[in-house]
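All remarks here apply to the structure that follows.
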Amino acid sequence: MGMSERLAAVSSLTSSLEYLVQRKDMEKGGMNDWEVGRQYLVGSGPLTRRLVDSVSGLRTTTALHVARSAVSAAMLLPGNSRWRGAGSLFLGASSALLSPRHHYGADGSDQVAALVQLATGAARVVPSPAAKDALLWYAALQANLAYAVSGWVKLFGRSWRDATALSGVMRTRTYGHAGLFRWSEEHPRATQMLTHGVLALECFFPLVYARGGKLTRSMIAGAAAFHLANGYFMGLGRFVSAFPAFHPLVAYTAAPRSHAAVAGRDDRAVPAALTALAGGVAVAAVGAVQRRLRTTEGWHSSRVLTTRHNNRLQYEEYSPGAPEQPVVVLASGLLSTSEHYAWIAERLAHETRYGVITYARAGYAGSRRKATGAFHLAESVHDLVDLVNGAVAPHRKVILIGHSIGGEIARRAALHLGDRLHGVVYLDSSHPGQFNSGQSIIDKGLASSFTTMSRALRLGSGILLNRPSWIDELPVPYRKKVHAQYSDARMWEAARREWKAVRADFKSFPGSLTAIEGVPCLVVSAQRTVDSNPEQLLLHRELAEAHVGARTRTVVVEDASHESMLVNSRHAHRVTDLVIDFFRDTDDRTRATEPTLVSARNPQHTKETAR
């Protein structure tokens, strides 16, 4: 315990001294200005907010770091009294309390040091030998999880499997090292061995308990060398002492019980942990099944339509609308659910006479992709066209509303629907030229992220996902189903497939959009989207210009982001108002310019406007 305490204390001392030296970051306008940083506690309970607020003033935070520095220095001194437990508990608790205050700058080493300090501090204080061993086992098992989980998660990333991760990190400005980057480029074989060696070390770290602990010293030495390299090459100095603080506890628990140094050690924590793990796996498996069922079962009003590609699309009819009125069909974006349109769809259904239909693309929710060939964006376009022709009565026109990539799918579907179209609405839509723009950057790692998430979720890890805050902005009845979809692998796999196809398709964009004759269109942009990339506003104007011979309008929704324009009630209501007003004005102008039929018997009698 003494060795672990001292190593963790070195990390705490270094951390607090860094914050004191960089005190200006905590002042007003600094990177950790608390007036800005407290926004991250909005979702926390009132007690937590008040407790963190009480220590987040500049003077209080400074005083705490001075105290932490003094206690950390004292923990480096020799001794074996219970007061050391109080010191460790203070350092661990204060680190946890200050972590929201230092939202930027804190890292995994602070969390590891705090965990070791809380475990060893409690072990110093409690009188029961069994409780002491249980606490030390807890910290040791956390160390095994930290290494093993990190290693197996890295295996999901292609850059670690093909050994390009090391050179990729070393070329960055933040964590890179020019010398090691050059070496990795000049010695690819050695770089591959080193990268895969790190993977093996992390993935198989629990082998420290194999064969009576015979591998313990070599595994711990390898891990310590790894953290020393992190400190030197990547500038992560606190890693050098924080993670090795685990190692004495791992060595203590890995030694055979016949060893004199661990005589009488209580190992009941191990079967208890294994039982808890088995229970957790069972709960995760049941939860995964429940999420899949909730994802695919649809609503009581759900219907299914089979497209030309044999895909089975699940769709909902919010309202049939008046027989003579158009039907609004809403197409969602990448990694988005049809329920994202809840605010808009419900208002359109209750406040207009339009029919309203939402649907899930193949692979999302209860829609199933049965097509056997490689996926191309045209498949989703055909599916939308088939949905319109199959779910909407032939005599009724349609208004296509598409968000993000759903907007581009709607634009291409408009080219196939001809006279059936009453109009198109683009909501912060994608544009096939956005990857050719100097302002846009293709995120090549996005497909890899989708793959990683889908693989992890297939293992039942959905139970570990926190519910994103934006879900709580949706109407209450929709939240559980949206969270189930977000936590299910199918949605991420569909997004990976679509994103790969979108990138390939957009790269071949010829440079000009095909004209859409006589179809009115409304283009709505989110202010935060165009603020972050002004080029996007020009692309959105090109969407409007492609609709020739008809009324068009472009609008920017103030303060809205790409996602909040749908899920935030205020922004979604603004978008709905724009849609309703646009088509009301368009219909009024159309009626005003259309000829009227006059009765031959009574010239003063005007019949219904011809359509």
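The values are calculated or read from the model by the stated rules, or taken from the named source; none is laboratory data. All values derive from a computational prediction rather than experimental measurement. Because the Cβ atoms are built from the backbone with ideal geometry, glycine has one as well, and the counts that use them run over all protein chains shown.
Remarks
- Helices (runs of 4 or more DSSP H) (entirely within the stretch 30-128) containing at least 1 residues that are among the aromatic types (Phe, Trp, Tyr) and free of Cβ contacts under 8 Å to residues at least 24 places away in the same chain: 83-98
- Look at the stretch 277-302: where a residue is closer than 16 Å to Tyr359 by Cβ, no partner that is surrounded by fewer than 12 Cβ atoms within 10 Å (Cβ to Cβ) sits 6+ places away or on another chain with Cβ atoms under 9 Å.
- Residue selection: Asp585 satisfies the criterion of being part of a helix (DSSP H, G or I) and modelled with pLDDT under 95.
- Within the stretch 465-484, considering residues that are more than 13 Å from the chain's Cα centre (by Cα) and surrounded by fewer than 16 Cβ atoms within 10 Å (Cβ to Cβ), the one nearest to Ala342 (Cα to Cα): Pro475
Residue-by-condition table, conditions (1) within 24 Å of Val567 (Cα to Cα); (2) surrounded by fewer than 24 Cβ atoms within 10 Å (Cβ to Cβ); (3) in contact with a His (Cβ under 8 Å, 6 or more places away or on another chain); (4) not basic (Lys, Arg):
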{"position": "Lys370", "(1), (2), (3), (4)": "no, yes, yes, no"}
{"position": "Gly373", "(1), (2), (3), (4)": "no, yes, no, yes"}
{"position": "Glu379", "(1), (2), (3), (4)": "no, yes, yes, yes"}
{"position": "Pro394", "(1), (2), (3), (4)": "no, yes, no, yes"}
{"position": "Gly407", "(1), (2), (3), (4)": "yes, no, no, yes"}
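- Qualifying positions in the stretch 287-298 - surrounded by fewer than 16 Cβ atoms within 10 Å (Cβ to Cβ) and either in contact with a strand residue (DSSP E or B) (Cβ under 9 Å, 6 or more places away or on another chain) or among the hydrophobic types (A, V, I, L, M, F, W, C) (or both): Val289, Leu293
- Criterion applied to Gly212, Gly176 was being at positive phi and surrounded by fewer than 18 Cβ atoms within 10 Å (Cβ to Cβ), and the one residue passing it is Gly212.
- Condition broken by Asp266, with the remaining ones in (1) in a strand (DSSP E or B); (2) in contact with a helix residue (DSSP H, G or I) (Cβ under 7 Å, 6 or more places away or on another chain); (3) charged (D, E, K, R) satisfied: (1)
- Test for Ser336: is it among the polar types (S, T, N, Q) and in contact with a Lys or Arg (Cβ under 9 Å, 6 or more places away or on another chain): no
- Residue match in the stretch 112-130 (condition: polar (S, T, N, Q), within 26 Å of the chain's Cα centre (by Cα) and either under 17 Å from Leu201 (Cβ atoms) or surrounded by fewer than 22 Cβ atoms within 10 Å (Cβ to Cβ) (or both)): no
- Test result for Leu513, under 34 Å from the mean Cα position of the chain (by Cα), part of a loop (DSSP other than H, G, I, E, B) and among the aliphatic types (A, V, I, L, M): yes
- Of all residues in the stretch 477-499, those that are without any contact (Cβ under 8 Å) to a residue 24 or more places away in the chain have Cβ atoms under 7 Å from Cβ atoms of residues that are assigned to a helix (DSSP H, G or I), 6 or more apart or on another chain, in Arg479/Ile471; Arg479/Asp472; His483/Ile471.
- The condition of being within 30 Å of Ala263 (Cβ to Cβ) and either among the polar types (S, T, N, Q) or in contact with a helix residue (DSSP H, G or I) (Cβ under 9 Å, 6 or more places away or on another chain) (or both) holds for only one of Gly57, Gly92, that being Gly92.
- Subset of the stretch 384-441 (residues that are closer than 18 Å to Val575 by Cβ and free of Cβ contacts under 8 Å to residues at least 24 places away in the same chain): none
- Across the stretch 12-71, the qualifying residues are those that are within 15 Å of Leu91 (Cα to Cα), in contact with a Ser or Thr (Cβ under 7 Å, 6 or more places away or on another chain) and not β-branched (Val, Ile, Thr), and the one among them that is surrounded by the most Cβ atoms within 10 Å (Cβ to Cβ) is Ser12.
- Inter-residue pairs, beta-carbon under 6 Å, first in contact (Cβ under 8 Å) with a residue 40 or more places away in the chain and in the stretch 257-272, second part of a helix (DSSP H, G or I) and surrounded by 10 or more Cβ atoms within 10 Å (Cβ to Cβ), 6+ apart: Arg265/Asp133; Asp266/Ala130; Asp266/Asp133; Ala269/Ala134; Ala269/Trp137
- Restricted to the stretch 153-262, the set of helices (runs of 4 or more DSSP H) holding at least 2 residues that are basic (Lys, Arg) comprises 158-161.
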